[in-house]
């Protein structure tokens, strides 16, 4: 709400360029987070189900979880940024944020939320 010269209050329209850039960031990090979560899932299956001893796994496996964690934190930040710009309800924001913790769900969430934002804001 902003004050007009006549002293009345008017509602400002959302800035579609900011929404479009927030949506692009969300889409990129939803995919990056999803891919790293799939890699992490594969690593855990290999390490704990296929190897005789989890300690014999390559030491660089440690970094797969670390990478996913870093990308997930960025995913949370860009999800909250988009949620603020498009005024999602808290439940929508939380379920979208949690999608980065379930294999394949970040791809599903990205698809549905992108379609919703494009439809609602014409970006």
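Just so you know, all these numbers are worked out from the coordinates, no wet-lab data involved. Quantities reported herein were computed from a predicted structural model and do not represent experimental measurements. Every residue, glycine among them, receives a Cβ derived from its backbone with ideal geometry; neighbour counts consider all protein chains shown.
Per-structure values
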| read-out | value |
| --- | --- |
| GNM result for the chain, Cα springs below 10 Å: residue of 88, 60, 31 fluctuating most strongly | 60 |
| Within a Gaussian network of the chain (alpha carbon springs, distance under 10 Å), most fluctuating of 34, 100, 65 | 65 |
| 0 to 90° range, to nearest 10: angle between helix 62-86 axis and the chain longest Cα axis | 10 degrees |
| Taking 106, 17, 59 and counting other C-beta atoms within 10 Å, the order from fewest to most | 59, 17, 106 |
